[in-house]
1. So which residues in the range 79-93 are more than 14 Å from Leu120 (Cβ to Cβ) and of a type in the set (Gly, Ala, Ser)?
2. Evaluate the range 91-101: report whether one residue or more is open to solvent by less than 80 Å² (accessible area, probe 1.4 Å), assigned to a loop (DSSP other than H, G, I, E, B) and in contact with a Lys or Arg (Cβ under 7 Å, 6 or more places away or on another chain).
3. Go through Phe64, Phe23 for me and flag whichever is open to solvent by 50 Å² or more (accessible area, probe 1.4 Å) and aromatic (Phe, Trp, Tyr).
4. Can you name the residue in the range 102-120 that is outside any strand (DSSP E or B) and of a type in the set (A, V, I, L, M) and, of all such residues, is farthest from the chain's Cα centre (by Cα)?
5. Taking the range 35-47, which residues are modelled with pLDDT of 90 or more and assigned to a loop (DSSP other than H, G, I, E, B)?
6. From the list Val79, Val89, Val102, which one is at pLDDT below 95 and among the β-branched types (Val, Ile, Thr)?
7. Which residues, counting only those in the range 93-119, are closer than 18 Å to Thr53 by Cα and of a type in the set (A, V, I, L, M)?
8. Please tell me if Arg81 is closer than 16 Å to Val119 by Cα, over 16 Å from the mean Cα position of the chain (by Cα) and either hydroxyl-bearing (Ser, Thr, Tyr) or surrounded by fewer than 16 Cβ atoms within 10 Å (Cβ to Cβ) (or both).
Amino acid sequence: MQHELELGYLGLEVPDPASLTGFFEEVIGLLPGEPGSPSGLSWRNDDRSYRITAQPGPANDAIFVGFEATGEDAFERIVDRLQSGGFDVEKGSDDELRSRQVERLIRTKAPWGIPVEIVL
C-alpha cells in the first residue's frame, strides 16, 4: 500500500519556549523556522516554514500533531476513513489555513485526546 500521509508538524506547549532553542538548534541541528508559524517560535529541518512549533503554557507536552496528505485524493480518502470510523472531523478556519500555510485542513481528536490535523 502506498503511503498517503507524512508527518507534517508538531505543536508543543512549554513554560519557556525559548529554552528549547539551544537543544533544537545546537544539539539536534534544526534551523529556525520562518516567521509566521502558529506560535511565532519554530524550527525546521527542510524547506518547509516549520516542522516544530512551541507556544508558552503549562502542558509541557505535545498539544497537536499535523500529518500532510500526499495529494488531494489521499486527503479525501483519509477524511472518508475518519468519518467512517466514527471520528468527528472539523474543517480548519481561514486563519488556520494561513498560519499553517496549507490549502486544506481538517482536525479530529486522537483516541488519547490530542488534536490531530490532516493538511494538504
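1. Ser84, Gly85, Gly86, Ser93
2. Yes, that holds for at least one residue.
3. When all the criteria are applied, what remains is Phe23.
4. Among those residues, the one meeting the criterion is Ala110.
5. Asn45, Asp46, Asp47
6. It is Val102.
7. Of everything in the range 93-119, those that are closer than 18 Å to Thr53 by Cα and of a type in the set (A, V, I, L, M) turn out to be Leu97, Val102, Leu105, Ile114, Val116, Ile118, Val119.
8. When the stated conditions are applied, Arg81 passes them.
The values are calculated or read from the model by the stated rules, or taken from the named source; none is laboratory data. This one's a predicted model, so the numbers in the text were calculated from it and none came from an experiment. No Cβ is skipped: glycine too gets one built from the backbone with ideal geometry, and neighbour counts run over all protein chains shown. SASA here: full protein model, heavy atoms, side chains in, ligands and nucleic acids out. Shrake-Rupley method; radii C 1.70, N 1.55, O 1.52, S 1.80 Å.
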